[in-house]
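Data first, discussion second: the structure below is written as structure tokens.
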Amino acid sequence: MLRIFTCTLGTLLISLTTLSAQGPISGFMNSGGTLDIALGYATESFDEYLFGNTPEARSLTTQSYNLFTEYSFNKRGALVASIPYLIIDEQNRGLQDGSFFLKYLNGQQRKSKGLLSTITAVGITAPLSSYPTATENPIGVGAFMFQGRIALQYQADYGFFAHVQTGADFRFLSPLQTAIPILARAGFGGRWYFAEVWSEWYNTLNNGTDQSVTGGSGSDWARVGATLYLPIWEGLGIAGNAAWIVSGENIGLSRRYGLSLVYRLQTQPAP
């Protein structure tokens, strides 16, 4: 059943950068009392940074640890949280910006060979520590952000799914910034594995030109990636993911690789 692999979707595609577009919202809903927990490690590196759309040779590597949880209080609603710890160097490291979402199933229609679902999520992203923002390579910009997402997903009975998602990010930092993300996913889940490919486009409206790496003037980017999940034992699995930023403005042309352990706990009997 494809539902076995729900927890991998939101967990493993969380960006390591402060301008994460994709976020932790998947197009699947679990039964009430389901708790998904994932602990992940990733490394992201680039050798070229786009100041505006002008490339310059700059190198930076960021390591991160991420704790993800999704608790489904019933089959229509869930609480989602993501807590990242980033390491660039001895000065620039620590808890970065946590994300907290309420996820709700608006509607679900039965088609001849699958389900069509519409999901809405609203949440906030806020700094979890007083990390420095005026250094050469800060782990974030210390901003508060409100995020809204709406997702449409078709899930075929035999395991294939297709997903599109959009919304808006409102960053509360002088100057205020608004960004529009668009995300597309497609994949297949079977009894012994789950795999997906995805692409996203993220556009900060009226962005400026960064004067330093991660300068916070607003970014645009196009990114592609893939995820593979394999079960290990009852409720426990391992997943690997990779992603590449292929174009943009005010962004490093990075490559990211990650691994996660995923565990599902059913706190009450599934209906």
Scoring only Lys, Arg, Asp and Glu (+1, +1, -1, -1) among other residues with Cβ under 14 Å from the Cβ of ASN106 yields +4
Rounded to the nearest Å, the spacing of the alpha-carbon centers of the stretch 86-154 and the stretch 162-210 is 10
Taking every other residue with Cβ under 14 Å from the Cβ of LEU50 and scoring Lys and Arg +1, Asp and Glu -1, one gets -4
Once phi for every residue in the stretch 207-218 is put through the Karplus expression 6.51 cos²θ - 1.76 cosθ + 1.60 (θ = phi - 60°), the whole-Hz ³J(HN,Hα) values, with Gly and Pro written as x, are 6, x, 10, 4, 9, 8, 4, 6, x, x, 7, x
hull vol. (C-alpha, convex hull) per residue for the stretch 92-160, Å³ -> 109
A student applying the Cα gyration tensor rule (rounded when a/c is under 1.5; otherwise prolate if a/b is larger than b/c, oblate if not) would label the stretch 2-266 prolate
Per its Cα gyration tensor (rounded if a/c is under 1.5, else prolate when a/b beats b/c, else oblate), the stretch 219-264 is best filed as prolate
Relative contact order in percent for the stretch 2-266 (Cα pairs under 8 Å, 6+ apart) equals 19
Residue-normalised 222 nm signal for the chain, counting each DSSP H run of n ≥ 4 as -39,500 (n - 2.57), nearest 500 deg cm²/dmol, is -500 deg cm²/dmol
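Read the figures in this text as sums done on the coordinates, not as results from a lab. Everything quoted here is computed from the prediction, not taken from an experiment. Positions of Cβ are generated from backbone atoms using ideal geometry, with glycine treated the same way; all protein chains shown enter the neighbour counts.
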